[in-house]
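What follows is a short report on a single structure.
The values are calculated or read from the model by the stated rules, or taken from the named source; none is laboratory data. Bear in mind that the values here come from a model prediction, so they are computed numbers and not experimental data. Cβ: placed from backbone, ideal geometry, glycine included. Neighbour counts: every protein chain shown.
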Amino acid sequence: MYLTDRSQPVQADTDQGRRRGPGRGVAPVVLVLGTVSLITDISSEMVTAVLPLYLVTTLGFSPLGFGTLDGVYNGVSALVQLTGGHLADRVRNHKLLAGLGYGLSALCKPLLLFAGSIGTLGTVLALERTGKGLRTAPRDAMISLSTPAARQGRAFGVHRAMDTTGAMLGPLAAFLILRAAADGYDAVFGVSACVAVLGVLVLVLFVPGRRRTGAAEESDAKPPVRVREALALLRIPRLRALAGCAALLGLTTVSDAFVYLLLQRRAGIGEEWFPLLPLGTAVVFLLLAVPLGSLADRIGRRTVFLAGHAALLTAYALLLWAPAVSVTSLLVPLVLALHGTFYAATDGVLPAALAGIVPEQLRASGLAIVGTSQALARFCCSLAFGAAWTMWGDGPALAGAAVGLLCCAAVAGLVLRPADPTR
């Protein structure tokens, strides 16, 4: 039933569910990984919050130039996710691959201090996103494998809530640094690098490695997972449908940076307040991630997933309608609330849907396939939206994205419909 799948979990998950009992808590590894993500997101979002304004106003990039860099920022991680997911399954050490990814991203943060051209920035951002691509699938696999299938939505919701706490604190830190430091952007990049190193240390010291149980030793005795086995996952109809719909919807999901730039223009927000816009999205995401993840476990992940895209479509409509609104005081909180709701209803629900679809030994590869399809589509969207903005203006570009999202959501609703029409 695709996103509404409620099939029995794999045996390992069932055994763990018996050990942990029927309680509503999450596994300790989820909390530790959430802490790592929280710290890392403080670092990443400090940069993300100021990067659009830094590139457009300080370095003078055009919307097309910024769209290209933003596409690189998201597209590279998409391509590397497949490598990270497969290697994690092959070496059977998800922590090792996740640590390499977090470490590479941390090393790239100081390099932003020396990047002043589109070529240099593109290279640094590509390396930083390579680190994100390496760590995403192994990290999500550790969460998935530590949680019974019936509680996947809640577990990913808890992780995403902690992750989003960092996304909330990052822009706030960037805002305070910009107001206090003479060389504001350089200070933001420097502090971001220090925070990123702290996240790597927490991962190395507190995230447990592989336990040497009988099951683990038996798994090590098996031949390494081959690329052919990972690609064979695409023969699973439910996985194919999920990856296809994630890509389809990603083609019309305008990047966060463009949403914030549009909101700044529509509402007339001063440049000094721009870094706080991601904070609004993060607050709503934080508040709704766990409730919506638990709701998806109960009523079906398809319903919550599509409702999240409906919230995003409403945000697009408000941004299009804004020039005709005489009072814009409500525009900012409404758009940010809808933007945060979109992420809370989709970001954790999508990987949670894979628990009953992908075998345990290929979990990271399955997560990487779906994540890559979505991220590559968003990469294409960034390039197309930046080009459309440059040629026709921001209004027509956003109108095209809104119409496309409406059509793609309708198609996804049909493809992901439950096999049982009563559910």
Notebook entry, point to check: Can you find even one residue in region 323-336 that is of a type in the set (Gly, Ala, Ser) and either crowded, with 23+ Cβ neighbours inside 10 Å or closer than 17 Å to residue 287 by Cα (or both)?
Noted result: no
Notebook entry, point to check: Can you name the condition, by its number, that residue 399 falls short on among (1) modelled with pLDDT of 85 or more; (2) exposed (fewer than 15 other Cβ atoms within 10 Å of the Cβ); (3) within 22 Å of residue 277 (Cβ to Cβ); (4) of a type in the set (A, V, I, L, M, F, W, C)?
Noted result: (2)
Checklist line | Residue list for region 27-57, filter: modelled with pLDDT of 90 or more and touching a Phe, Trp or Tyr at 6+ places or on another chain (Cβ under 8 Å) | finding: 32, 35, 36, 40
Note to self: Taking the conditions exactly as written (under 15 Å from the mean Cα position of the chain (by Cα) and in contact (Cβ under 8 Å) with a residue 12 or more places away in the chain), does residue 357 satisfy them or not?
What the structure shows: no
Check: So, of the residues in region 99-140 that are touching a Cys at 6+ places or on another chain (Cβ under 9 Å) and among the β-branched types (Val, Ile, Thr), which turns out to be farthest from residue 360 (Cα to Cα)?
Finding: 124
Notebook entry, point to check: Among 195, 202, 225, which is in contact with a Ser or Thr (Cβ under 8 Å, 6 or more places away or on another chain), surrounded by 12 or more Cβ atoms within 10 Å (Cβ to Cβ) and modelled with pLDDT under 90?
Noted result: 225
